[in-house]
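Down below is the structure, laid out as structure tokens.
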2 protein chains.
Amino acid sequence: MIDKLMGKIQKTGAPIVVGLDPMLSYVPEQVQKKAFAEYGETLAGAAEAIWQFNKEIVDKTWDLVPAVKPQIAMYEQFGVEGLRAYEKTVKYCKKKGLVVIGDIKRGDIGSTSAAYAAGHLGRVQVGSKTYAPFDEDFATVNPYLGSDGVKPFIEVCKQEKKGLFILVKTSNPSSGEFQDQLVEGRPLYELVGEKVAQWGAEHMGESYSYIGAVVGATYPEMGRALRKIMPRSLILVPGYGAQGGKGKDLVHFFDKDGLGAIVNSSRGIIAAYKQEAYEKFGPENFGDASRAAVEAMIADIRSALG
Amino acid sequence: MIDKLMGKIQKTGAPIVVGLDPMLSYVPEQVQKKAFAEYGETLAGAAEAIWQFNKEIVDKTWDLVPAVKPQIAMYEQFGVEGLRAYEKTVKYCKKKGLVVIGDIKRGDIGSTSAAYAAGHLGRVQVGSKTYAPFDEDFATVNPYLGSDGVKPFIEVCKQEKKGLFILVKTSNPSSGEFQDQLVEGRPLYELVGEKVAQWGAEHMGESYSYIGAVVGATYPEMGRALRKIMPRSLILVPGYGAQGGKGKDLVHFFDKDGLGAIVNSSRGIIAAYKQEAYEKFGPENFGDASRAAVEAMIADIRSALG
């Protein structure tokens, strides 16, 4: 899957991920109304609204980008019905040829991580049958529990030819509270980065490892250091746009050949029609606004990479 | 909710949580067969099997214990159908008067944590209606992203009178890899413990805070230190039984009055019928075996607490 992702990045010339994190407040009124007319103002209605919203954005952007990253929390907040919209979104994006990164940030003790890994990236056995319940291509994983919480995910990736992005340095303001603490003179995130590099070296695709890392766009200097520490790991970079990261901050996350990182934007793309720059599209053409925002992001990143 | 939990611990005299972590391999054949006869060997069939398994265990143990802790991964591995069994389990346990601790270990950047918090402990708005999708009483939270990843959970707990258990020192063998790293001479988990103590002091129930901590039974000396660092926080102690923790190791997690901690056992209780000590019950009476295992655990912990 890492080879498919790298191939698609090169083919599109867009090291970009569309973050499908649909807050209900992003969904234009006409889409909400239609969903509520069919399912009522229920959790199923909310799920239908975010699914139709996603579908339109995917239909308008799938040919420009290699990958999408649905944030499962935005679906899970609507309970089981919301998770059904997540499942549908994953399936639809895969059908469109997109690589799907499930932003699930799971991580637990070994046997429990194995269950998450099976449900999201692998298969479960039910009697004589096997199923791949959520079936994302990649998943994000929280490393706080250490190697034995991560290894079951790696095992499943090995079997299924899928991949991971391990949280190393997150994009949020208080990420430094624990991640930046100095351990023998070096920040904890570097220690985590070294583990990722080690796991990564052992699990290689053609040129990059299928064990990648998450490093926030909001911390470009740390991105530079981590790029060196994890030479074979693709870096997934959240925090572009709405969270404050800009194209020129991103160069440090990339290798000299312009590869090695893939940048996520969520709100900046999916809620583009709400921004001044794209308001001319109007809520009825929100998908076209998203396409224009993707095109602008591609231009920004290409120009930063020179 | 912390006051309800503390009240129930005192009333039952059992600082014990039954971990509802149903692997399909724990579910006796007759229960699986019946579920598969109705739903086929499908994800819905697996979900029905674990739900019926849970129901029997809850029916046989609810009067002995204050709380249950379903581990969401064991449900999530069966996809949306599995999560429906999780939802049913939470609802059923609450109807039985049990306090439900959702072992979800979620944690993300602020706006995303807010979505998890709304979906699990709070409410979501859909048009003019509000819903409480999963509606657990407590949830476990991963602190790796720092304060702004935890605070949205605290906010929802304040509104809904619910509670949290923050991962401080987990029970698994490699938990030390990052959690034990020395920061200015002290392990990182103590730093996290101090944060928990601070959040805890600001969010008090009658005698204990509704911001508690997870500290593994497998690390009793660290439990002793953390008990002092977080004087107002209830400690949720996983790792008893199958993971190696014993009653006598647990005293350090408790206060002098025998309160301050609540010990979880999962496999040791729910799969008791598979152990030599309880095999006389046979798979057909697995619920009675679980009841006997709970009684033995209560006796073990009471004798350790003296």
Practice problem: List, in the order given, every pair from A:K195/B:K256; B:K129/B:K169; B:K55/B:K280; A:K4/B:K169 whose Cα-Cα distance in the structure shown is over 29 Å. | Solution: A:K195/B:K256; B:K129/B:K169; A:K4/B:K169
Quiz item: Normalised by the number of residues in the range B:85-176, what is the relative contact order in percent for Cα pairs under 8 Å and 6+ residues apart?
Solution: 28
Quiz item: To one decimal in nm, how far is B:A277 from the same spot in the other copies, if labels go 7 Å from Cα toward Cβ? Please give the shortest first.
Solution: 6.3
Self-check item: Cβ charges +1 (Lys, Arg) and -1 (Asp, Glu), total dipole of the protein assembly as shown, debye
Solution: 140
Practice problem: Grab the alpha carbons of the range A:2-301, take their convex hull, and tell me the volume per residue in Å³. | Solution: 130
Quiz item: So how far, in whole Å, is the C-alpha centre of the range A:261-293 from the one of the range A:5-55?
Solution: 12
Exercise. Please identify, among A:G119, A:G268, A:G163, the residue showing maximal mean-square fluctuation in a Gaussian network model of chain A using a 10 angstrom Cα cutoff.
Key: A:G119
Self-check item: Segments B:28-35, B:274-281, B:229-236 sorted - mean Cβ within 10 Å per residue, highest first
Solution: B:229-236, B:28-35, B:274-281
Quiz item: In nm, one decimal, shortest first: how far is the label point of A:D63 (7 Å from Cα along Cα to beta carbon) from the matching points in the other copies?
Solution: 6.9
Quiz item: Normalised by the residues of the range B:209-306, what does the relative contact order come to in percent, with Cα pairs under 8 Å and at least six apart?
Solution: 24
Self-check item: B from A by rotation - nearest chain A beta carbon to the axis, in Å
Solution: A:Y144, 2
Exercise. Take each of the peptides B:109-117, B:4-12, B:40-48, average the number of other beta-carbon atoms within 10 Å over its residues, and list them starting from the highest.
Key: B:109-117, B:40-48, B:4-12
Quiz item: Pairs A:K94/A:K228; B:K88/B:K228; A:K96/A:K274: which are spaced more than 29 Å apart, C-alpha to C-alpha?
Solution: A:K94/A:K228; B:K88/B:K228
Quiz item: Using the Cβ atoms and a cut-off under 13 Å, what net charge is assigned to the surroundings of A:K34, where Lys and Arg are +1 and Asp and Glu are -1?
Solution: -4
Exercise. Translational diffusion coefficient, Stokes-Einstein: compute it for the range A:162-306 using the Kirkwood radius over C-alpha pairs as Rh, at 20 °C and 1.002 mPa s, and state it as an integer in µm² s⁻¹.
Key: 134
Quiz item: Which distances, in nm and shortest first, link the B:K4 label point to the same label point in every other copy, taking 7 Å along Cα→Cβ?
Solution: 4.5
Quiz prompt | Cβ-Cβ FRET estimate between B:Q159 and B:M204, R0 fixed at 22 Å, reported to 0.05 | solution = 0.90
Self-check item: Sorted largest first, extent of the range A:63-204 alpha carbons per principal axis (Å)
Solution: 50, 33, 31
Quiz prompt | Charge dipole of the range A:244-306 about the Cα centre (unit charges at C-beta), most positive-ward option of A:N264, A:Y278, A:S290 | solution = A:N264
Quiz item: What's the average, rounded to a whole number, of partner chain beta-carbon atoms within 10 Å of each residue's beta-carbon in A:168-176?
Solution: 5
Quiz item: Principal axis lengths of the range B:1-152 from Cα atoms, whole Å, largest first?
Solution: 47, 39, 34
Quiz prompt | Cα lying deepest toward the dipole's positive end in the range B:2-305, options B:S207, B:T61, B:I72, charges on Cβ | solution = B:S207
Quiz item: Once the dipole of the protein assembly as shown is set up with Lys and Arg at +1 and Asp and Glu at -1 on Cβ about the Cα centre, which of A:Y240, A:L182, B:S111 lies farthest towards its positive end?
Solution: B:S111
Quiz item: For B:178-189, what's the mean count of beta carbons from other chains sitting within 10 Å of each residue's beta carbon?
Solution: 4
Quiz item: Relative contact order of chain B: what whole-number percent is it, with Cα pairs under 8 angstrom and at least 6 residues apart?
Solution: 18
Quiz item: Mind checking the log10 I(q)/I(0) for the protein assembly as shown at q = 0.08, 0.11 Å⁻¹? Debye, one equal scatterer per Cα, no solvent, two decimals.
Solution: -0.53, -1.03
Exercise. Take peptide B:282-291, look around each residue's Cβ out to 10 angstrom, count Cβ atoms belonging to other protein chains, and average those counts.
Key: 0
Exercise. Along Cα→Cβ, 7 Å out, is where each label goes; now give me the distance between the ones at B:K151 and A:A299 in nm to one decimal.
Key: 3.6
Practice problem: Rounding to the nearest 20 debye, state how big the charge dipole of the range B:2-305 is about its Cα centre with +1 on each Lys and Arg Cβ and -1 on each Asp and Glu Cβ. | Solution: 640
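Bear in mind these aren't lab numbers, they're just calculated from the coordinates by the rules spelled out. Remember, it's a predicted structure, so these values are computed and weren't measured experimentally. In this analysis, Cβ positions are derived from the backbone assuming ideal geometry, glycine residues included, and neighbour counts consider all displayed protein chains.
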